[in-house]
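This report concerns only the one structure given below.
The values are calculated or read from the model by the stated rules, or taken from the named source; none is laboratory data. Since this is a predicted model, take the numbers as computed values, not measurements. Note that each Cβ is placed from the backbone with ideal geometry, even for glycine, and that neighbours are counted across all protein chains shown. Calculation scope for accessible area: heavy atoms of the full protein, side chains included, ligands and nucleic acids excluded. Shrake-Rupley method; radii C 1.70, N 1.55, O 1.52, S 1.80 Å.
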Amino acid sequence: MQNARVLVTGGAGFIGSNLANSLAEHNDVIALDNGFLGTEANLDDDVEYVELDVLDEDLPTDVDVVFHLAALSSRQQLEENPRHGARVNVEGFVNVVEQAYDDGCRTFVYASTSSIYGSRTEPTPEDISIEAATGYDASMLGRERYAEYYGNFYDDVTLAGLRFFSVYEGYGGAEAHKGEYANTVSQFTEKVADGTPPVLWGDGSQTRDFTHVEDVVRGIELAADNELAGVYNLGTGETYSFNEMVDLINETLGTDVDPEYEPIPIENYVHDTCADASKIRDATGWHPRIGFEEGVERVCEPYLDGDAVDAE
């Protein structure tokens, strides 16, 4: 994408800031954020930062493309405040799309989630049965249903929903501000580097399809470039257990910190995830470029270099 005016909601957050900074190399980028899980410090100087909420009126939606990443982005956040979570994740999405459409925007890419698949060990395609086991799942499914409605009601608009799988970068990147809401790769690396045992639920055999944020950003951009419609997985198709992850972190850092194990404290815990990303690969040519071992090395690099990693 080049020479476009784009809006990234949640643009100062983890994925949003990576996307905004990448797009700003060749486009006019507005990063909109309310500062809850984002910070302006994540953004490059050539990104315009606007501190607003997606529920506000008069948003800067006079753009060519909207990348809607703003959300309360975890199960815990929705359980702590389900009404507010539903407003942000569903009503906020509708508010942004309505304002942008009125301003002439016709291309939308938005964040959804892979947690709606539940626990699955085999590569999971988009067309299998899904469920709302948590309030967070329900809110993301609400986005997808509204996107389906807009796509059916308007013949001149495209909306692509991307179901992310365990996106990570590390506290040396833009995840530090998320703290306890950061990916487990980042949280566990911080603990191991400090000599503190990471706490794993169950026996540590649960698996995740860990996807580096650089690959995710490239997939988001390709979805807009190709004006995709519908829902698409963004994941590697490869899985690692939490035990394997901690072993990789120790190996990379040259440490020997054993994890501690605690019983799984929540119902409907997703034990395993694995993406079948063939749909977006067929549509755009996207495929992951950063394997998990290389990704862990990138997460660990600041600690090996002796750089301070400020995790809030």
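Of note:
- Some residue of the stretch 176-187 being open to solvent by less than 50 Å² (accessible area, probe 1.4 Å), in a loop (DSSP other than H, G, I, E, B) and either more than 25 Å from residue 40 (Cα to Cα) or out of contact with any Ser or Thr (no Cβ under 9 Å at 6 or more places or on another chain) (or both): yes
- Where helices (runs of 4 or more DSSP H) fall entirely within the stretch 14-111, those with at least 3 residues that are open to solvent by less than 50 Å² (accessible area, probe 1.4 Å) and of a type outside the set (Lys, Arg) are at 14-23, 92-102.
- Residue match in the stretch 153-168 (condition: open to solvent by 10 Å² or more (accessible area, probe 1.4 Å), in contact (Cβ under 8 Å) with a residue 12 or more places away in the chain and over 25 Å from residue 107 (Cα atoms)): yes
- Pairs where the first residue, in the stretch 130-151, is over 26 Å from residue 271 (Cα atoms) and the second is of a type in the set (Phe, Trp, Tyr), C-beta under 7 Å, 6+ apart: 146/93; 147/110
- Filtering the stretch 239-260 to residues that are in contact with a Cys (Cβ under 9 Å, 6 or more places away or on another chain) and either among the charged types (D, E, K, R) or touching a residue at least 60 places away in the same chain (Cβ under 8 Å) (or both) leaves 239, 249, 253.
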